[in-house]
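The values are calculated or read from the model by the stated rules, or taken from the named source; none is laboratory data. Bear in mind that the values here come from a model prediction, so they are computed numbers and not experimental data. Reconstructed Cβ throughout: ideal geometry from the backbone, glycine too, with neighbour counts over all protein chains shown. The protein model used for the area step is the full one, side chains on, heavy atoms only, and it has no ligands, DNA or RNA in it. Shrake-Rupley method; radii C 1.70, N 1.55, O 1.52, S 1.80 Å.
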Amino acid sequence: MTWDAYVTAWSALHGGFDPREASPVVRGWIRLAWRAGTLLARLGIGPSTVTTAGLLLCLAVPFVPLWAGALLVLLAAFADAFDGAVAVVTGRVSRIGYVYDSVADRLGELAWLAAFWAAGAPGWLVVAGLAVSWLHEYLRARAAATGMTEIGAVTVGERPTRVSVAISGLIIAAVLFPWSSLVVTAAVIVWLVLGLIGFVQLALAVRSALTD
């Protein structure tokens with residue numbers, strides 16, 4: 001599948017958002033996913049296999065050293081991008097695959113926050129962070145179910161932000177090990193604050209889209 005054909009198919013699955021008009025970082029990331037998805041497809045690896053691999057990497061994060069947890073989150077983020085690319089390249093996009101990927105993402109985020117909790121972050125703060133990120137995704141899903149065809153808004157609380165916070169928090173906590181509990185607590189606070197801002201951004205976009 002050519003890059004232009006991939007972009008057309010990818011855009012149709014993401015509310016018409018054209019990655020060719022995105023920032024260089026976003027455009028580069030999606031192009032990397034296209035190349036990796038093409039390679040995995042040629043190797044005969046299906047999208048659900050990639051999704052499962054990413055989920056297993058996430059579930060291991062709370063049980064390994066902090067630096068290793070950061071590496072696993074990074075690898076899982078690659079898997080999360082590549083599974084959709086494989087589905088598009090192979091023409092195996094399906095509703096059940098979309099649901100599985102979404103559930104795997106939410107369980108993965110639970111595992112990352114569990115790692116923060118194991119490293120010393122307060123349990124109530126971890127639960128609050130998880131609730132906000134899940135609420136963000138629930139709002140978008142319900143809006144789509146009621147007829148919102150566009151993406152709504154790319155907020156500051158999207159999954160890439162959570163990936164960045166998880167990796168940064170785990171790495172810094174590993175480097176500053178004597179103060180790891182303070183570092184992971186700060187990371188969860190950042191996760192929570194950005195999640196709340198993102199939720200408001202998305203809620204305003206959904207209200208505008210569904211009341212026009």
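Could you please give the count of residues in segment 18-58 that are among the hydrophobic types (A, V, I, L, M, F, W, C), open to solvent by less than 80 Å² (accessible area, probe 1.4 Å), modelled with pLDDT of 80 or more and assigned to a helix (DSSP H, G or I)?
Of segment 18-58, the ones among the hydrophobic types (A, V, I, L, M, F, W, C) are 22, 25-26, 29-30, 32-34, 36, 39-41, 43, 45, 50, 53, 55-58.
If we keep only those that are open to solvent by less than 80 Å² (accessible area, probe 1.4 Å) too, we end up with 22, 26, 30, 32-34, 36, 40-41, 45, 50, 53, 55, 57-58.
Cutting the leftovers down to modelled with pLDDT of 80 or more gives us 30, 32-34, 36, 40-41, 45, 50, 53, 55, 57-58.
Filter once more, keeping what is assigned to a helix (DSSP H, G or I): 30, 32-34, 36, 40-41, 50, 53, 55, 57-58.
Residues that pass the stated criteria total 12.
Test Leu72 against the criterion of being free of Cβ contacts under 8 Å to residues at least 40 places away in the same chain, closer than 23 Å to Ile172 by Cβ and in a helix (DSSP H, G or I), and give yes or no.
Yes; evaluated as a whole, the condition is true for this residue.
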Assuming His136 fulfils every condition listed in (1) closer than 15 Å to Pro160 by Cβ; (2) buried (at least 21 other Cβ atoms within 10 Å of the Cβ); (3) at pLDDT 95 or above apart from one, which condition is it? (3)
In segment 139-183, which residues are open to solvent by 20 Å² or more (accessible area, probe 1.4 Å), at pLDDT below 90 and aliphatic (A, V, I, L, M)? Ala141, Ala144, Ala145, Ile151, Ala153, Val154, Val156
Those residues of segment 8-17 which are surrounded by 12 or more Cβ atoms within 10 Å (Cβ to Cβ) and more than 17 Å from Val89 (Cα to Cα), in sequence order: Gly15, Phe17
Among the residues of segment 139-166, what is the count of those that are over 22 Å from Ser23 (Cα atoms) and either aliphatic (A, V, I, L, M) or free of Cβ contacts under 8 Å to residues at least 40 places away in the same chain (or both)? 8
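When the residues of segment 82-133 are narrowed to those that are over 25 Å from Thr185 (Cβ atoms) and of a type in the set (Val, Ile, Thr), which ends up surrounded by the fewest Cβ atoms within 10 Å (Cβ to Cβ)? Before the answer, list the steps.
Here is the first cut: in segment 82-133, the residues over 25 Å from Thr185 (Cβ atoms) are 82-104.
When the remaining residues are screened for being of a type in the set (Val, Ile, Thr), the result is 86, 88-90, 93, 96, 99, 103.
Values: Val86: 26, Val88: 25, Val89: 26, Thr90: 18, Val93: 17, Ile96: 8, Val99: 11, Val103: 12.
Out of the qualifying residues, it is Ile96.
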For segment 8-22, give me each residue that is of a type in the set (S, T, N, Q) and under 18 Å from the mean Cα position of the chain (by Cα). Ser11
